[in-house]
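The values are calculated or read from the model by the stated rules, or taken from the named source; none is laboratory data. Since this is a predicted model, take the numbers as computed values, not measurements. Using ideal geometry, Cβ is built from the backbone for each residue, glycine included, and neighbour counts are taken over all protein chains shown. Heavy atoms of the whole protein, side chains included, go into the accessibility calculation; ligands, DNA and RNA do not. Shrake-Rupley method; radii C 1.70, N 1.55, O 1.52, S 1.80 Å.
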Amino acid sequence: MGNRYQDRHQYFDELVETSTAFYVDYLRRFIPVAEGTRVLEVGCGEGGNLLPFALIGCEVTGVDFSARKIENARNYFQVNGAEGAFFCADFFDFPVQDEPFDVVLVHDVMEHIAPGDKGRFLDRIRAFLAPDGVAFLAFPAWQMPFGGHQQTCSRKVLRVLPWIHLLPKPLYRGILRLFKDTEGHIEELMDIRRSRMTVEQFEKLCRVKGCEVLDRTLWLINPHYKAKFGVRPIRLRLGMDRIPYLRNWFSTSCWYVVTI
């Protein structure tokens with residue numbers, strides 16, 4: 001389960017599979033996605049989400065603060081015969097482009113943005129979007145079994161422990177140290193604990209910033225799990241997606257399409 005976070009090419013390939021199967025057609029419900037569509041991904045990593053868009057002729061741009069991931073993205077795109085522009089930068093400092101984007105992708109990033117910066121983050125997305133453009137934001141609900149990203153730990157015993165991120169902070173940190181996770185990674189997980197995101201928090205943020213939610217899809221079984229584990233995606237249904245707070249315990253991925 002954790003090897004994919006060290007094997008970056010495997011991780012890239014899984015993202016490509018998920019984006020091909022789900023993201024392109026999902027976004028076509030709200031905006032034309034075809035040759036010439038301008039797509040920006042914030043926190044693009046190695047660019048796996050962007051490759052399917054590039055292969056159908058979209059003009060894709062990726063931004064990530066990891067120089068290693070940006071280098072991988074450029075290499076992987078070259079190997080796949082695809083074109084894309086990739087920049088190593090903090091999105092808050094990334095220059096606004098001369099030509100706006102039709103789509104901005106923000107996948108598994110919101111839960112990493114500090115609480116006080118989340119509103120400013122949406123303002124930055126607005127600066128890059130075309131007037132009729134849309135943003136696709138996805139994040140794991142904080143209370144779901146692995147909402148703390150403990151599946152990225154180096155020790156297998158930590159990777160398979162659900163809900164440990166909900167323990168009191170000193171106990172959570174103590175367990176991570178007990179199983180000898182690295183201090184750097186422990187601090188990263190504690191940052192996620194501080195920056196956590198729930199359905200209610202995100203929708204309140206959208207209201208405060210004047211964003212219109214065009215669609216909300218909550219997933220009981222994350223579509224990305226099909227590529228990772230071979231399991232069929234399942235939406236959160238039977239009214240569970242409408243029950244505040246409780247739905248966070250069952251939403252492995254929360255998808256939103258918004259105008260900002």
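Max-minus-min Cα coordinates of the stretch 103-160 on each principal axis give 47, 23, 19 Å, with the largest extent listed first. Electrostatic tally near Leu189: other residues with Cβ closer than 15 Å to its Cβ, Lys and Arg +1, Asp and Glu -1, net +2. Across His107, His9, His165, the residue with the most accessible area heads the list, and the full order at a 1.4 Å probe is His9, His107, His165. Overall, the stretch 62-119 carries a charge dipole of about 240 debye about its Cα centre when +1 sits on the Cβ of Lys and Arg and -1 on the Cβ of Asp and Glu, all other atoms neutral.
Projecting the Cα atoms of Asn248, Pro170, Phe91 onto the charge dipole of the chain, computed from C-beta unit charges around the Cα centre, puts Pro170 farthest toward the positive end.
Relative contact order, percent, of the stretch 122-194 when contacts are C-alpha pairs under 8 Å separated by at least 6 residues? Worked out over the stretch 122-194, it gives 25 percent.
Highest-first packing order for the peptide set 50-61, 186-197 is 50-61, 186-197, based on the mean count of other beta carbon atoms within 10 Å. Left without a cysteine partner by the 4.7 Å Cβ rule in the chain: Cys44, Cys58, Cys88, Cys153, Cys254. Seen from a random direction on average, the alpha-carbon convex hull of the chain projects onto 13.3 square nanometres. The calculated FRET efficiency for Leu178 paired with Glu99, based on their beta-carbon distance and R0 = 35 Å, is about 0.10. A Cβ-based charge dipole, computed about the Cα centre of the chain with Lys and Arg at +1 and Asp and Glu at -1, lands at about 1380 debye. Charge tally for Glu99 (other residues, Cβ to Cβ under 12 Å; Lys, Arg +1; Asp, Glu -1): -2. Here the relative contact order of the chain, from alpha carbon pairs under 8 Å that lie six or more residues apart, stands at 19 percent. Around the Cα centre of the stretch 42-162, unit charges on the Cβ atoms of Lys, Arg, Asp and Glu (plus for the first two, minus for the last two) sum to a dipole of about 740 debye. In a shell of Cβ-Cβ distance under 13 Å around Gly36, excluding Gly36 itself, what net charge do Lys and Arg (+1) and Asp and Glu (-1) give? So the surrounding residues net to -4.
Using +1 at the Cβ of each Lys and Arg and -1 at the Cβ of each Asp and Glu in the stretch 172-260, identify which of Thr182, Val231, Val213 lies farthest towards the dipole's positive end. Farthest along the dipole direction, towards plus: Val231.
Shape summary of the stretch 35-159, radius of gyration then Dmax from alpha carbon positions: 15.3, 48 Å.
Could you list, in their original order, any pairs among Lys69/Lys118; Lys156/Lys204; Lys69/Lys180; Lys180/Lys228; Lys118/Lys169 whose Cα atoms are separated by more than 29 Å? Listed pairs above 29 Å: Lys156/Lys204. A full extension of the chain between Val213 and His112 corresponds to an added length of 34.2 nm, given 0.36 nm per residue minus the alpha carbon distance.
Take every pair of alpha-carbon atoms less than 8 Å apart whose residues are at least six positions apart; their mean separation over the length of the stretch 173-254 yields a relative contact order of 27 percent.
Residues whose amide H falls under 5 Å from that of Glu59, counting only those 5 or more places apart or on a different chain, are Gly36, Thr37, Arg38, Val39, with hydrogens built in the peptide plane.
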